[in-house]
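Here's the structure, in structure tokens; my notes come after.
The values are calculated or read from the model by the stated rules, or taken from the named source; none is laboratory data. Remember, predicted model here, so these are calculated numbers, not experimental data. Note that we place each Cβ from the backbone using ideal geometry, even for glycine, and neighbour counts take in every protein chain shown.
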Amino acid sequence: MPDFDKLRALAKETISRDDIKYLIGWRQGTYGYRTSPHFVRIPEDADQLIFSPLCSSNLATYLALAEKRPVPRGSQPDTRKVAILVKGCDSRAVVQQLVEQGIKREAVYVIGCPCEGVVDLRKLEEKYPHTLDRVGARWENGNVSLDLPSGNAVFPREEIVAGKCLTCRYPNPVIADVTLGENVEVSGSTAFEDINRFEVKSAQERWTFWRDKFNSCIRCYACRNVCPMCYCAECILDKQNPAWIQRSVNISENTAFQLARAFHLAGRCIECGECERVCPVEIPLSYLNRKLVKEVTEQFAFTPGVDPEAKPLLVGYRPNDKGDFIL
Amino acid sequence: MKLNKDKLADFLAAIPGKTIFGPQLCGETLKFTAITKAGDLCLTANNTNVPPKSVVFPQTETMLRFEQWATDIKTAEPAGEIVLFGIKPCDARAMLIVDNVFSWGVEDPYYLTRRTNSTLVGLACLDPCVNCFCTSMGGGPTSTDGLDLLLTDLGNSYLLEVLTGKGEVLCQAAGKLLCEASGADKDAAKLLQEKAAVQIRRQIDPSGVQARLPALWESPVWEKISASCLGCGICTYLCPTCHCFDMQDETEGVESRRCRTWDSCMFSEYTLHASGHNPRPTRRERTRNRINHKFSYFVDKFKVIACVGCGRCINHCPVNIDILDILSKVGEDVL
Amino acid sequence: MNTHPYIPNFATVQDTWYETYGDRCIKTFKVGFDDEEVRDSWTHLPGQCAMIGVLGTGESMISISCSPTEGKFLRFSVMRAGKVTKALHELEAGDKMTVRGPYGNNFPIDEWKGKNIITIGGGIGQAPLRPVIEYVRAKKSEYGELTVVYGARTSADLCFKGEFGELARIENTCYHLSVDVKEEGWPHYVGFVPALLMEVNPSPENTIAITCGPPIMINFVLQNLKKLNFPDDQIYTTLENRMKCGIGKCGRCNAGNLYVCKDGPVFSYATLKNVPEAFA
């Protein structure tokens, strides 16, 4: 893990370059364990940058989310690069966006941050509720060390990091113009034990599970908006004419929404787990997405977001593709 | 008056002819749903994820029903009597605030019928959340605004404070289930309530905010705040005072319904004209409107801030956009 | 007759015609309420709107483009743009639409008696101005001069084309038309509406100016009216924003602290100049 001084110095150097528009990183949040995306536009902004096990946001989302204001008459569009800090999973989003030509390689300057796993805030809140004072965190010899108001506490990584980090196979950025700190050991497995356990349940059980979850959905679309791969200029969810998915919040429309999103991410989801993290009603969306990841892996031996030269899965055809799922 | 906790089930059963809604854990989500037995209630937890506005202003409601080509329009059945049991004082205050919107000018029959038919049984908030700031917004963890009855958890029993005739009706129905509260009970409740008020650590003085907002209209602060905004609906959907809705006709077969659903000023479609023109084209304008609406426009119209300090928008914002942080930036006047 | 604010009344389309053609064509509907009681009790004044719609598709806020002086019917001129307006365009004489309202405030037209009135419109923005023109026309002796300034991109994009010739025959009334680019055989002004306004050069003396059109046009018209020394309280405009309920509940039509559906749509510039979002 890089120390903050090194990170901030690099950010200052980067933002001072003529070809960089702004830099997106993380800063300490307004309270407790929270961190927040941080936009560095002038060198002084870099003084707030941090990188710690609390930095869960996938900043690659902001590459597509940037709003393009009309260019004033007589001036040139700003074509400078956006510099972005990425963890391993975040870097896969950058690659997948490149593969899909959502962004151009020359439009981004990628600063890689090898990552030993980010903390699952829900686990932390359970252990230490009502924490208002700001908490610092570091990786330390395979553990996560937290500076809590009550003193320092060290947790084994397995106990405190998000589920996605336990299965992560890409903790080191797969694309980077510059890397901060040393690469970390890859420990995640390619097995889909969680999905396998779920798949053996009866259809009735699985439907009951999802029915209850989808019933809770309030259609705030945080899962879509936070997703670095959900960057369509016009989303079918917002279309009212025709309304593919109606605005009514009920089990039928909610299911249609969730399934449409899951399928649109087939062969594209890079397992950053942001959708699950942000869901205000705690729908375990990674189950849905990892089921499709599993299918894509088994059927097509494809992993999205690792090879910038790859073709998107669904635009390619190989004669030896399996077809045994076709009815 | 006092109600022993072992009599809670009987107390609820004694309520005549009213549907009882209370905080219930649905999966991982705490929200107000109709309960059939006392055991369904989850009264010890913090604020519900989804505010109880969902009971009086459902996320989706059918306003009208009609058949294709028919000229016969049916309205929804009028809502029956309901009890919101265990509502937090902040959420009850929020209902008073939203009442303004649905009753100014033309009255909204759906919302107002439900409000008229609802009895609010509050539960003093003895263990406020980390981001609660109700005391800064004119409320408090034991505020009685909008409540008919206030319960304070004394451990084995609830102290009951009757606030209105509707509250009285419930107590009369309970009859002998209630017993007289002793002076010691009242002292204990007072102590707990005072302790709760002290536990609220996040504070802000909103008094100058409205006056400062106009001068900040073109301030870069809005661009800064909204830079990380994802444009999702969490802050507005989970806000107990946000009340915007969309109306859509939905058809299945030959039957249609005109529905209203919650809508959010943070969505780009919210203000999008059919012509393609959008008066609030980016998240900067939308964020600015959200803050101005709560702390300026609403105050102009209804003389009250449209925020009760429940902290939900702070708790649930995926990127830590913190309304208190915004207000302090507005207050600093330095941006 | 229903008093439920969300239950619309049925009205039968009596006549329709196209004002303009093309992708975003404008069609005018002349409609009458089916229920006699509604027909008799309905009152509106120039500037007010109504929620009109098609059951199963939805409703849209449209300005009433006729004056109550014209008779016991309503007129709406609708541009084909979104879901609801597309469905409305399918309607022909004999079909039914739904109408609820009238909504919003009106031009304080009765307060303007004895004054000169100039309307400055652009494109579909002429629809809310037409009732003012018709109202003043019907009570011409009570008003001073009436000047109509109206323009569109091309002559084919002008609404109410057939009605201007008549205006010329009325005492103390004149009209000035414009198109943005030169056309074969076009006898009127070529250029933008704000420029035409400067050509017309109206005196602010005892005169009310009303403008409606695309936001960019309104902006320049306001600037030019200021150049012509019109005081803020003699300038009126009518705003439009996306609306759903029409009665100040659904939230979306606000411009600053004003709800366009209830506080508006008619505002004096004296009010609007302090509303930062008014011309967004």
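The table below gives the values:
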| read-out | value |
| --- | --- |
| Leading residue by the ranking (farthest from the other protein chains (Cβ to nearest Cβ)) among those in the stretch B:308-326 that are more than 18 Å from B:Asn46 (Cβ to Cβ) and out of contact with any Pro (no Cβ under 7 Å at 6 or more places or on another chain) | B:Ile326 |
| Enumeration of residues in the stretch B:242-293 that are more than 7 Å from chain C (Cβ to nearest Cβ), in contact (Cβ under 8 Å) with a residue 24 or more places away in the chain, in a strand (DSSP E or B) and closer than 16 Å to C:Gly58 by Cα | B:Glu255, B:Arg257, B:Arg258, B:Cys259, B:Arg260, B:Thr261 |
| Single residue of A:Asp78, A:Asp147 found to be away from every other protein chain (no Cβ under 14 Å), touching a strand residue (DSSP E or B) at 6+ places or on another chain (Cβ under 9 Å), without any contact (Cβ under 8 Å) to a residue 40 or more places away in the chain and not hydroxyl-bearing (Ser, Thr, Tyr) | A:Asp147 |
| Tally of residues being in contact with a Pro (Cβ under 9 Å, 6 or more places away or on another chain), part of a loop (DSSP other than H, G, I, E, B) and over 17 Å from B:Trp104 (Cα atoms) across the stretch C:243-277 | 5 |
| Residues that are part of a helix (DSSP H, G or I) and within 25 Å of the chain's Cα centre (by Cα), drawn from the stretch B:207-226 | B:Ser207, B:Gly208, B:Val209, B:Gln210, B:Ile225, B:Ser226 |
| One residue from C:Gly56, C:Gly71 being within 14 Å of another protein chain (Cβ to nearest Cβ), on the phi > 0 side of the Ramachandran plot and surrounded by fewer than 20 Cβ atoms within 10 Å (Cβ to Cβ) | C:Gly56 |
| Test: C:Asp157 is in contact with a Lys or Arg (Cβ under 7 Å, 6 or more places away or on another chain) and not assigned by TED's automatic domain parsing to the domain that holds C:Ile26 | no |
| Residue among A:Phe4, A:Phe51 that is in contact (Cβ under 8 Å) with a residue 24 or more places away in the chain, within 30 Å of A:His130 (Cβ to Cβ) and surrounded by fewer than 22 Cβ atoms within 10 Å (Cβ to Cβ) | A:Phe4 |
| Counted residues, the stretch A:276-306 - those being outside any helix (DSSP H, G or I) and either surrounded by fewer than 16 Cβ atoms within 10 Å (Cβ to Cβ) or on the phi > 0 side of the Ramachandran plot (or both) | 3 |
| Those residues of the stretch A:9-21 which are crowded, with 20+ Cβ neighbours inside 10 Å and among the hydroxyl-bearing types (Ser, Thr, Tyr), in sequence order | A:Thr14 |
| Leading residue by the ranking (nearest to the other protein chains (Cβ to nearest Cβ)) among those in the stretch B:56-90 that are surrounded by 23 or more Cβ atoms within 10 Å (Cβ to Cβ) and among the β-branched types (Val, Ile, Thr) | B:Val56 |
| Selected residue [of a type outside the set (A, V, I, L, M, F, W, C) and at the interface with chain B (Cβ under 10 Å from one of its Cβ atoms)] from A:Arg247, A:Arg290, A:Arg261, A:Arg268 | A:Arg247 |
| Residues of the stretch A:211-229 classified as touching a residue at least 60 places away in the same chain (Cβ under 8 Å) and more than 7 Å from every other protein chain (Cβ to nearest Cβ), total | 6 |
| Members of the stretch B:18-53 that are closer than 23 Å to B:Pro89 by Cβ, within 9 Å of chain A (Cβ to nearest Cβ) and not in a strand (DSSP E or B) | B:Asn46, B:Asn49, B:Val50 |
| Any chance C:Met217 is in contact (Cβ under 8 Å) with a residue 24 or more places away in the chain, outside the structural domain of C:Leu74 (by TED's automatic domain parsing), assigned to a helix (DSSP H, G or I) and buried (at least 20 other Cβ atoms within 10 Å of the Cβ) | yes |
